[in-house]
Amino acid sequence: MNNISENIDKITQKMKAAAVRAGRNEDDVILVAVSKTKPVEDLMEAYNHGVRDFGENYVNELTDKIEKMPKDIRWHMIGHLQTNKVKYLAGKVFMIHSVDSVKLAKEISKESVKKDIVTKILCEINVAGEESKFGTSDLDANLEMIKEIAPLPGIELCGLMTIAPYTPDAESNRQYFKTLHDFAYGRAREYIKGEPVLSMGMSGDYEVATEEGASYIRVGSSIFGERVYNK
């Protein structure tokens, strides 16, 4: 049986230790529990153990869980978002991590203005250049995208997100986390509102990501166990 509460404690301890090793405040990194395909009962166990940030990959699943879960949860959209689904999320999520195009940002802007709200977003940067991931590794192109997105009304560009390669060697992903950090605090800094937020690190490499400056780590299987797909 998967002990969700114990798993959260282990991850939190490792995450905080990694922050301390890097000379960071241990409260500056937040665990986002990635709960896609998992039942509300599992999420409630995590919630009752103190988790308030939950990440989902699919709009339908996210909106369904929002209706069933406590209202003080901060919901994070972390999966690829299609423009025609934006209207279902506007005003319901704390942050959208996966903005990978100006077109998508403009749609979020339009829906946010329509509802008179401000939506917090992160630009997704494909630092490793993997073909299976959205976005590009070209930092010049990413900077141009960020320049176009930053002034749009109804959105607040809070920082950057990346999905590093799946690897048994977490250390090999350090270069990608460092690149994202340096880009956020360097060339992209003037377009980001406030201290740059970095969403990076998952079950296999969140300690390295924390050492390199992650603000949010996105952990799913190490909390809830492997995902079960019924399709």
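The values are calculated or read from the model by the stated rules, or taken from the named source; none is laboratory data. Bear in mind that the values here come from a model prediction, so they are computed numbers and not experimental data. We place every Cβ from the backbone using ideal geometry, glycine too, and count neighbours over all the protein chains shown.
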Among what's in the stretch 84-113 and is among the polar types (S, T, N, Q) and closer than 24 Å to Ser35 by Cβ, pick the residue that is surrounded by the most Cβ atoms within 10 Å (Cβ to Cβ).
-> Ser98
Residue under evaluation Ser5, criteria (1) touching a His at 6+ places or on another chain (Cβ under 6 Å); (2) surrounded by 15 or more Cβ atoms within 10 Å (Cβ to Cβ); (3) assigned to a helix (DSSP H, G or I), criterion not met = (2)
In this structure, is Ile11 assigned to a helix (DSSP H, G or I), in contact (Cβ under 8 Å) with a residue 40 or more places away in the chain and either exposed (fewer than 13 other Cβ atoms within 10 Å of the Cβ) or not small (Gly, Ala, Ser) (or both)?
-> yes
Yes or no: Gly154 farther than 18 Å from Arg187 by Cα and touching a helix residue (DSSP H, G or I) at 6+ places or on another chain (Cβ under 9 Å)?
-> yes
Could you list all residues from the stretch 200-217 that are buried (at least 22 other Cβ atoms within 10 Å of the Cβ), within 13 Å of Lys14 (Cα to Cα) and touching a Ser or Thr at 6+ places or on another chain (Cβ under 6 Å)?
-> none
Selection count where residues are surrounded by fewer than 15 Cβ atoms within 10 Å (Cβ to Cβ) and not hydrophobic (A, V, I, L, M, F, W, C), scope the stretch 27-65 | 8
Among the residues of the stretch 213-223, is there at least one that is of a type in the set (Lys, Arg) and more than 28 Å from Pro39 (Cβ to Cβ)?
-> no
What number of residues in the stretch 27-39 are more than 26 Å from Glu212 (Cα to Cα) and at pLDDT 95 or above?
-> 0
So which residues in the stretch 107-146 are closer than 17 Å to Val197 by Cα and of a type in the set (D, E, K, R), if there are any at all?
-> Lys120, Glu124
